[in-house]
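Accompanying notes for the structure given below.
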């Protein structure tokens, strides 16, 4: 926990509350003291927009290590509050409590209901409720880094106070209960079962029987301060708390970033994840983006505020139900109907699917479904998308639409049946192959000028090892089951992270894994040292971008890569970084069932 990101968790000093006062500080924040017993000895800042209506929402925003409350304004929360009319509280840590100004998310005395820092923040909420007309059912929170670990602590200990929360570059509740464990929690991460994580969250308020908060989880895939594994573990914790499984019900891409939604049996979104591909440790902002219907810009780029062309504050506020004129207690779902093509129609080629949707308050978005799976999302009328029907088999298919309002209510129309008839166009076939472990391997060579040598460790190594040598890896797939007369139209490789050291993606900047293809094998079936430099049938056919956990798919293979797939035997791939690392920086990927070659072809 260096000064970069979460900072160093230090032992807390004795607490003492400040005398009551209201002090004006920089930006638009007002400092408030005397808001309670304040056992965590935190500072409280508030923002009150002009023209506030009665019964308005409240959002608590928590900074990361080395940051201040005022710094978090630049994420866009103050601007959003002015636009959508909700109150904001910005708690601030003091260096006397933690040398790096981190919230003490790893100290049991600060993350236990009725104690320490979580109680101080709860008292800030109580003070706001006493001073202003606030809807107690619409109190939310968002935290980054150290605040991103404190966010689930508040959701777990005070589920009766907070209705939803956002975790930015943080992790699950009780991931660590000591300073030393905090280091391990951040990197490489702690793996527990969903049930074990869920039990830890439920222990925050034993005996609680009310509704649990909904959770939005954001994490950069290139975050080397708090490893992305924390996103997965947090998702597992809160889906288990809500009694739902860990399979996403909606998977889509928004502004080029993967977004997944986990719903209950009634279709209500309980947990969502946003994987910020290629982003490091920070909160996503979009300095060129204005909130819909306004000229208000979302956020300002700065330290830990990363301009990656997506406004996290807007999507989190939308998840909370703050971006529309939300009626308190609104439980009335919108209406939605697929209007084209007509039920019973016969279609072919690319078809424009349209839907009508309305709501007493406002429609937030419409998702389009094909055979029950979400394939597209539209956020503005007219709601439509272009469906390429050649991607499914000929025959009967169901088209549907699901509409959401600003309060999170939803409705689905799923009764439009069409017949796909693409005569003369073969139906694409998709097959997946796992690698042949006995044929796989890796070679290390060349950094010190020595001859190539076979690797001996379990797994497939890539990058620069501790011996100063570079590593290339090989994967073999038996693709002979593809018909000899088939036309291969799409191929991509999916690999699984195993372990690693350092950041092999950073040197040189923009480093990627490149894939060479051999129709057959580079030499014998098993890896040989000569394979290091043996000519490929097609070189650099696709690349794999940065990832530090889970799985990662390559881009689609080039035309030369498609032609190199062997329809009568084995296809072998050679993986290596596009640039040589200058220090020990490497990763291991899995083979066998951990590596999948997906091939789409027409007979």
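Read the figures in this text as sums done on the coordinates, not as results from a lab. A quick note: this is a predicted structure, and the numbers were derived from the prediction, not measured. As a convention, Cβ positions derive from the backbone with ideal geometry for all residues, glycine included, and neighbour counts pool all protein chains shown.
Under a crude label model (7 Å from the Cα following the beta-carbon direction), how far is residue 543 from residue 340 in nanometres?
Label at residue 543, label at residue 340, 4.1 nm between them.
Which order do the peptides 529-537, 75-83, 120-128 take when ranked by the mean count of other beta-carbon atoms within 10 Å per residue, highest first?
Highest to lowest by the protection proxy: 75-83, 120-128, 529-537.
Express in nm, to one decimal, how much length is gained between residue 371 and residue 412 on full extension, taking 0.36 nm for each residue of separation and deducting their alpha carbon distance.
13.5 nm is the gain from fully extending residue 371 to residue 412.
Once the Cα atoms of helix 116-131 and of the chain are each reduced to a long axis, what angle between those two axes, in degrees from 0 to 90 to the nearest 10, is obtained?
Between helix and principal axis, roughly 60 degrees.
Pop the C-beta distance of residue 48 and residue 290 into the FRET formula with R0 = 25 Å and round what comes out to the nearest 0.05.
Approximately 0.65, to the nearest 0.05.
Rounded, prolate or oblate: pick one for the chain, where a ≥ b ≥ c are the square roots of the eigenvalues of its C-alpha gyration tensor, a/c under 1.5 means rounded, and failing that, prolate if a/b is larger than b/c, else oblate.
Oblate shape, in that a/c is at least 1.5 and b/c is the bigger or equal ratio.
Given contacts defined as C-alpha pairs under 8 Å and at least six residues apart, what's the relative contact order of the range 22-320, whole-number percent?
16
Report the extension gain between residue 245 and residue 467 in nm, rounded to one decimal, defined as 0.36 nm multiplied by the number of residues separating them, less their alpha carbon distance.
75.6 nm
Under a plain spin-label model, where a point goes 7 Å from the Cα along Cα-to-Cβ, how far apart in nm are residue 352 and residue 454?
The modelled label-to-label distance comes out at 6.1 nm.
Just how far, in whole angstrom, is the range 304-320 from the range 116-157 if you go by their alpha carbon centroids?
The two parts, judged by their Cα centres, are 20 Å apart.
Helix 229-241 against the longest principal axis of the chain: what's the angle in degrees, Cα atoms only, rounded to the nearest 10?
60
Tell me the angle of helix 146-157 to the major Cα principal axis of the chain, expressed in degrees between 0 and 90 and rounded to the nearest ten.
70
Can you tell me how much longer the chain between residue 179 and residue 485 gets when fully stretched, taken as 0.36 nm per residue apart minus their C-alpha distance, in nm with one decimal?
Length gained, residue 179 through residue 485: 104.0 nm.
May I ask you to derive the relative contact order of the chain, considering only C-alpha pairs under 8 Å and at least 6 residues apart, and to give it as an integer percent?
10
Report the label-to-label distance for residue 380 and residue 419 in nanometres (one decimal), using points 7 Å from each Cα along the Cα→Cβ vector.
3.9
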